[in-house]
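Just so you know, all these numbers are worked out from the coordinates, no wet-lab data involved. Because the structure is a prediction, the values reported are computed rather than measured. So basically every Cβ, Gly included, is an ideal-geometry build from the backbone, and we count neighbours across all protein chains shown.
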Amino acid sequence: MAGPICSGRRAEASPIVTVVTWRSTSDRLPSARPFMTDVMIRRLEPSDAQAYRDLRLEALAASPEAFGSSHEEEAPLPLETIRARISATSPNAIFGAFTGDRLVGMAGFAVHERAKASHKGLMWGVYVQADRRGLGLGKRLVEQVIDHASRHVIMLEAAVGTTNESARRTYHALGFRPYGIERKALRVGDVFYDEELLFIEFGAPDP
Ligand SMILES: CC(C)(COP(=O)(O)OP(=O)(O)OC[C@H]1O[C@@H](n2cnc3c(N)ncnc32)[C@H](O)[C@@H]1OP(=O)(O)O)[C@@H](O)C(=O)NCCC(=O)NCCS
């Protein structure tokens with residue numbers, strides 16, 4: 001199932017910034033949606049902290065079952081903490097999708113801290129604003145994380161709700177393979193959510 005994107009080591013670094021032009025005629029889209037818009041995918045910088053925080057809190061409020069963290073935990077965090085999260089030591093990174101100046105999507109990458117697990121990375125915090133979904137942004141963000149991860153770790157892990165069809169489709173299509181189910185991985189109120197555990201194995205990262 002793994003496509004070419006995870007077939008091995010990348011010969012050269014890809015640019016941090018990619019400009020995506022979408023031209024979607026998907027029947028999921030309301031006719032009022034712009035036919036073509038330029039989207040920039042780039043790594044977030046400390047100056048994006050306020051926009052990132054707004055989007056992150058929106059994501060946690062709108063899709064609590066999709067994230068390990070909660071709105072209640074993150075809303076009180078000072079902007080300085082958010083800025084520090086964005087500026088985390090490379091190769092940890094958060095990528096954003098922008099339409100014009102507006103941050104409309106995001107996806108994070110973090111390497112396990114402990115020495116014996118530092119060959120593994122985690123994709124986390126994938127989100128696209130509801131009015132921008134179905135246009136390929138989720139895929140572009142996940143591709144960016146996979147590409148970045150392939151240059152820094154041997155294994156990339158992710159977890160997705162077993163009933164989250166759009167995210168599962170996205171991850172599977174880009175080469176993630178399931179290796180198990182974590183029963184009752186998350187609890188939101190009185191409801192438990194199972195998660196599918198996923199991985200991509202790369203060749204050795206660049207020295
Ligand atoms: C998951 C998410 C990031 C996908 O973003 P997106 O920009 O809509 O994704 P894309 O446009 O790239 O579409 C990716 C795939 O999802 C499918 N998809 C999009 N909307 C869908 C829907 N409503 N139902 C089922 N599949 C859907 C698309 O068909 C596409 O698959 P395809 O190429 O085989 O057709 C977005 O739905 C989201 O933010 N959801 C809430 C938060 C979340 O679940 N995050 C993931 C946590 S693991």
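General observations
- By average C-beta atoms within 10 angstrom, highest first, the peptides 88-94, 177-183: 88-94, 177-183
- Counted by Cβ distance under 12 Å from G68, the other residues give a net charge of -4, where Lys and Arg count +1 and Asp and Glu count -1.
- The calculated FRET efficiency for E58 paired with T81, based on their beta-carbon distance and R0 = 25 Å, is about 0.90.
- Share of Cα-Cα pairs in the range 126-207 lying beyond 19 Å, as whole percent: 44
- For the range 30-189, the dipole from Cβ point charges (+1 on Lys and Arg, -1 on Asp and Glu) about the Cα centre works out to 540 debye, to the nearest 20.
- Model label zone, H112; criterion: amide N under 20 Å from point 7 Å along Cα-to-beta-carbon; scope the range 164-183: 176-183
- The residues packed around F192, meaning those with a beta-carbon under 13 Å from its beta-carbon, carry a net charge of -2 if Lys and Arg are +1 and Asp and Glu are -1.
- Sum of side-chain charges, N164 neighbourhood, beta-carbon under 13 Å (Lys, Arg +1; Asp, Glu -1): -2
- Amide hydrogen proximity for A185: with H placed 1.01 Å from N in the peptide plane, the residues at 5 or more positions away or on another chain lying under 5 Å are Y193, D194, E195.
- Simple Cβ-charge dipole of the range 119-207, Lys/Arg +1 and Asp/Glu -1, about Cα centre, in debye nearest 20: 140
- A full extension of the chain between E65 and E45 corresponds to an added length of 4.5 nm, given 0.36 nm per residue minus the alpha carbon distance.
- Per-residue packing, averaged as other Cβ atoms within 10 Å, sorts the ranges 64-74, 115-125 into the order 115-125, 64-74, beginning with the highest.
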